[in-house]
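All remarks here apply to the structure that follows.
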Amino acid sequence: MNNYKTEWDFSLLYKNDNDPKIEQDIIEVEKNSYIFINKWKNREDYLFNENSLKEALDEYENWNRNYGCYSSLSYYFWLKLSVDQNNGELKAKYNKINDISVKISNDISFFELNLSKINKEQQDLFLKSEKLKNYNVFLFNLFNKSKYLLSIEEEKIMTLKNKTSSENWSNLIDELLSK
């Protein structure tokens, strides 16, 4: 019979749960998130100017790729909790990362919400723009789902309530069974 490794190798993400890189990554994610947020939150030029929109979308894509709310931090602690569901210290660290992610997610939600609410004529111009062709699918999907989006305040509430009671119930059952 073959012996297979039955433990996950988390070292590709972090050395351990107290790796100093975790705190460095938290700082880096927050810093880079708020660079984007602070630059674009009070601006409206990207809603009607394709050059500004291209710049904003390039930066948004970069943020999502490198620092998005659900970065390696969330992934690491989610995986660790999957292995050790009754570890209170892991739960606390995961919840800390989740709280940061929710705050950033709420603070950056203005971008897609504002874009989705632009008028139909401007949407058509952006979809036909040669400069924005790399973002055509993203914009098309965003414009199509706009009728289902709530106000910024309502979307923030939905983000805060993202962790549903059914998910919490399922986690509780999993924890009890793992004991």
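Among the conditions (1) in contact (Cβ under 8 Å) with a residue 60 or more places away in the chain; (2) assigned to a helix (DSSP H, G or I); (3) loosely packed, with under 14 Cβ neighbours inside 10 Å, LYS145 misses just one, which is (1). Among the numbered conditions (1) surrounded by fewer than 17 Cβ atoms within 10 Å (Cβ to Cβ); (2) among the small types (Gly, Ala, Ser); (3) at pLDDT below 90, the only one that SER101 does not meet is (1). Restricted to region 1-117, the set of helices (runs of 4 or more DSSP H) holding at least 3 residues that are touching a strand residue (DSSP E or B) at 6+ places or on another chain (Cβ under 6 Å) and touching a residue at least 60 places away in the same chain (Cβ under 8 Å) is empty.
Among residues belonging to region 60-99 that are under 10 Å from the mean Cα position of the chain (by Cα) and of a type in the set (A, V, I, L, M, F, W, C), point out the one that is farthest from GLU23 (Cα to Cα). Per the stated criteria, the residue is TRP63.
For region 119-133, residues that are touching a residue at least 40 places away in the same chain (Cβ under 8 Å) and either open to solvent by 50 Å² or more (accessible area, probe 1.4 Å) or more than 23 Å from the chain's Cα centre (by Cα) (or both) total 5.
Taken together, LEU57, LEU53 contain a single residue that is buried (at least 19 other Cβ atoms within 10 Å of the Cβ) and more than 17 Å from the chain's Cα centre (by Cα), which is LEU53.
The values are calculated or read from the model by the stated rules, or taken from the named source; none is laboratory data. What you are looking at is a predicted structure, and each value in this text was computed from that prediction instead of being measured. FYI the Cβ positions are ideal-geometry reconstructions off the backbone, even for glycines, and counts take in every protein chain you see. Note: accessible area is taken over every heavy atom of the protein model, side chains too, but ligands, DNA and RNA are not part of it. Shrake-Rupley method; radii C 1.70, N 1.55, O 1.52, S 1.80 Å.
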